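Chemist: If you scroll down you'll find the structure; I have some questions about it.
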Number of protein chains: 2
Amino acid sequence: MSEHSSFAVVAKPGDRVVDLSTPRPLIDEDVMAANIARGQAYCDEHGLAFRPHIKTHKIVALASAQVAAGAKGINCQKITEAEVFAAAGFEDILITFNILGAEKLDRLAALHERISMLKVVADSVATVDGLSVRFALAKPLTVLVECDTGGGRCGVQSPEEAAALARHIAAKQGLVFGGLMTYPKSWSAAAVQAYFAETIALLEKDGISCATVSNGGTPSLYEAHLVLSATEHRAGTYIYNDRSMMRDGHCTQADCAMHILATVVSLPTPDRAVVDAGSKALTADLLGFSDYGKIVEYPDAVITKLSEEHGAVDLSNCVGARPEIGEKIRIIPNHTCVVSNLFDTMVFHRNGVVTRVEEVSARGLVW
Amino acid sequence: MSEHSSFAVVAKPGDRVVDLSTPRPLIDEDVMAANIARGQAYCDEHGLAFRPHIKTHKIVALASAQVAAGAKGINCQKITEAEVFAAAGFEDILITFNILGAEKLDRLAALHERISMLKVVADSVATVDGLSVRFALAKPLTVLVECDTGGGRCGVQSPEEAAALARHIAAKQGLVFGGLMTYPKSWSAAAVQAYFAETIALLEKDGISCATVSNGGTPSLYEAHLVLSATEHRAGTYIYNDRSMMRDGHCTQADCAMHILATVVSLPTPDRAVVDAGSKALTADLLGFSDYGKIVEYPDAVITKLSEEHGAVDLSNCVGARPEIGEKIRIIPNHTCVVSNLFDTMVFHRNGVVTRVEEVSARGLVW
């Protein structure tokens, strides 16, 4: 299962999760299945194609479950992720990243020969021209224009720029203009819709159509129908959910499928506990919080500080029971996607009994 | 080299690092060798045993280099790390963590049978009693008392408590009292020395001696001689160094052996660049900074925001040259130890030419 298998602490079906070595992320099968079904049902109801982002789980079996539920294809963030999923039989993959440099372009070309529906994005002439040179004499590659609709990350800055880059792609040898893509981190359905509609209108004047208009994000998933021009929606976190999604009202605690099982290893003072989950199990991702996760059993406890293998917990606000040394607790992480990237395997359970252990096949791969 | 080897982007000796796929952490051989030599020379000069913490690199060959330079043994933070290094032939291992629970105690017992000089720490009667029950009928296990000398993490809170727990260990079947250990995160040589000296004096009255008095931390490494009672010092980060060590005056930029090679993938606005190193390459560890690493080539650029595979860079303070799309840059991470934990392999180079690729054998293992 892993190059470390002789050392890894392996769980097996039938084990009770409370007996597992900690820290250990766990996925509740039923909660996850409900999350998959809910996301797909929403998109089906609104006539949107759904393209789950596999960066959250990086597990082949979960992407298969998402496609079996009705997903159109998958979204990857890097070539190495796409390679893992292409090898597992996925044909429709969108890589939402600018791909640059000889080594990556060669890998992209090999991937393109292997699967039937590979698509990438670009937000600059430099990226488009690199793709064109590489694919000029090969099977044409479909390229979407990445639009910055307020996320402040990648993406062209206006509908005019988007239309100009789309025309550039459409005119380039080896490339097919595939449409528009955005990741609107600060969600405003009206802003995204206005950006898309204006770009589409500009391109229509030139007779250029947008086959795919791809919106994204779990925070916007259940409002995705408000972007009328979108043909598909991408989401990753929805499959597990996490504390940041709870805070922002996108799910309830009962919808959080991932918990990090941890052990209380020290109670140095009456108000301080230390657990064996630190930044190498939870990551230091705050996502706007000032603490590092929610302890299910002690909701008033605050994980104030992480070092690599320790989490310091302030118990001073705890009313009633407090944890004992040796006790196992469950932590809902601030951000699930980065936790997945830390572990070679993921343990699944139903009602606290292990159902399966899956390899996190696409974790830790260099781009 | 890895379960992902068919997908991993592998470097090989002789490759130029600028041609490698990004994001990719790189270690400068000569800088690292100088760091190893300097840490050891300091301890030798002051008559302190040196025990490098392998959590920073998790690579067998590097621990071998540290021991070859004169280190007494190694420090691990969890059993699975110790198992990897024990299998590689290391006999003197201190695990600086409370070990609790049947599964971990069984693994500890197996490890203890395998190597000759295993030591652990404890900061509570609960932990000590668990160890005693497990080792009562086996080869006795050496246990040090962990002292909280101001770090605010684990550890007993006073010399009186330390002495009481030491007496408890000394009286327990299956255990040998081995001395004292601390990780003084907020470094005060005087406070650590006072705590140690007072505890030692209390124990001397009972005829109990401290064979090992173990102090730790890279920030305190080059002042370790100020803790007169210490017999050994532990340090991890010193082998690579990082931006937090630079800021705090513990090294210069020239002493930083780790760089993350990244590619500029987008320039959406005149003042914003986006690189392909996000929280899955740099981690979100701030360590007191408000940004996510230092770009060597553009020291006035600020990595303001990370998402998983993107780093957003503010160029507005850059005087003179600015990066171009496709350009490769090098980032000194805020914290090296958590970066090591993200990658299955580490690439080493000398003057930009790859010298070797080492497996990060102890990464990602559940406790």
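Read-outs: derived from the displayed coordinates by stated rules, not from any lab. Because the structure is a prediction, the values reported are computed rather than measured. Neighbour counts run over all protein chains shown; Cβ positions are idealised from the backbone, glycine included.
Chemist: For a footprinting-style exposure proxy, rank A:M346, B:M246 by other Cβ within 10 Å, fewest first.
Modeler: Starting with the residue having the fewest Cβ neighbours, the order is B:M246, A:M346.
Chemist: Would you mind classifying the range A:29-242 by shape? Square roots of the alpha carbon gyration tensor eigenvalues, ordered a ≥ b ≥ c; an a/c under 1.5 is rounded, otherwise it is prolate if a/b is larger than b/c and oblate if not.
Modeler: Since a/c reaches 1.5 but b/c is at least a/b, the shape of the range A:29-242 is classed as oblate.
Chemist: Here is a further query. Round to the nearest 0.05 the FRET efficiency obtained for A:E223 and A:A201 when R0 = 30 Å and r is the Cβ-Cβ distance.
Modeler: 0.85
Chemist: Follow-up question, since we're still on this one. Hey, what do the phi angles of the range B:302-309 turn into as Karplus ³J(HN,Hα) couplings, whole Hz, using 6.51/-1.76/1.60 and θ = phi - 60°, x for Gly and Pro?
Modeler: In residue order, the calculated couplings are 10, 7, 8, 8, 10, 10, 4, 10 Hz.
Chemist: Let me ask you something else. Of all DSSP beta bridges in chain B, what percent run antiparallel (nearest 5)?
Modeler: Of all bridge pairs located within chain B, approximately 45 percent are antiparallel.
Chemist: Given the DSSP H assignment, sum -39500 (n - 2.57) over each helix run of at least 4 residues in chain B and divide by its residue total; what's the result at 222 nm in deg cm²/dmol, nearest 500?
Modeler: The helix contribution divided over chain B gives -8000 deg cm²/dmol.
Chemist: So, one more: Applying 1/(1 + (r/R0)^6) with R0 = 51 Å to the Cβ-Cβ distance of B:D30 and A:M117, what FRET efficiency is obtained, to the nearest 0.05?
Modeler: The computed FRET efficiency comes out at 0.60.
Chemist: I need the semi-axes of the equivalent ellipsoid of the protein assembly as shown: take the C-alpha gyration tensor, multiply each eigenvalue by 5, square-root it, list largest first in whole angstrom. Each step should come with its number before you reach the end.
Modeler: Numbers: eigenvalues 444, 159, 95 Å².
Gyration-tensor ellipsoid for the protein assembly as shown: 47, 28, 22 Å.
Chemist: Moving on to the next point. Per residue, how big is the convex hull of chain A when only Cα atoms are used? Give it in Å³.
Modeler: Hull volume normalised by residue count: 136 Å³.
Chemist: Something else: Over chain B, what is the relative contact order in whole percent, taking alpha-carbon pairs under 8 Å and six or more residues apart?
Modeler: Details: 804 pairs, mean separation 77.9, N = 367.
Across chain B, relative contact order equals 21 percent.
Chemist: I need the inter-copy label distances for A:L226: point set 7 Å along Cα to C-beta, values in nm with one decimal, smallest first.
Modeler: Label-point separations across copies, in nm and ascending: 5.7.
Chemist: Give, to the nearest whole percent, the P(r) tail of the range B:244-334 beyond 22 angstrom, counting all Cα pairs. Please report the intermediate quantities before stating the final value.
Modeler: Numbers: 825 of 4095 pairs.
It works out to 20 percent of all Cα pairs.
Chemist: Per 5 Å bin, what percent of the C-alpha pairs of the range A:129-181 does each bin hold, from zero upward?
Modeler: Binned Cα distances yield the sequence 5, 23, 27, 21, 14, 8, 2, 0.
Chemist: Also, I was wondering about something else. Of A:P333, A:P159, A:P52, which is the most mobile in a GNM of chain A whose springs link Cα atoms less than 10 angstrom apart?
Modeler: A:P159
Chemist: Within 10 Å of each Cβ in peptide B:297-310, how many partner chain Cβ atoms are there on average? Round it to a whole number, please.
Modeler: 3
Chemist: Now, a different point. Per-residue mean of other chain beta-carbon atoms within 10 angstrom of the beta-carbon, peptide B:270-277?
Modeler: Other-chain Cβ atoms within 10 Å of each residue's Cβ, averaged: 3.
Chemist: For chain A, modelled as a Gaussian network with Cα springs under 10 Å, which listed residue fluctuates most, A:E223, A:E91, A:E327?
Modeler: A:E327
Chemist: To continue, here is another question. If the cut-off is 21 Å between C-alpha atoms, which lysines fall inside it for B:K119, apart from same-chain ones fewer than 8 positions away?
Modeler: Leaving aside lysines fewer than 8 places away in the same chain, those within reach of B:K119 are B:K55, B:K58, B:K72, B:K78, B:K104, B:K139, B:K172.
Chemist: Looking at the protein assembly as shown only, what percent of DSSP beta bridges run antiparallel? Nearest 5 please.
Modeler: Numbers: 56 of 122 bridges.
Within the protein assembly as shown, antiparallel bridges account for around 45 percent of the total.
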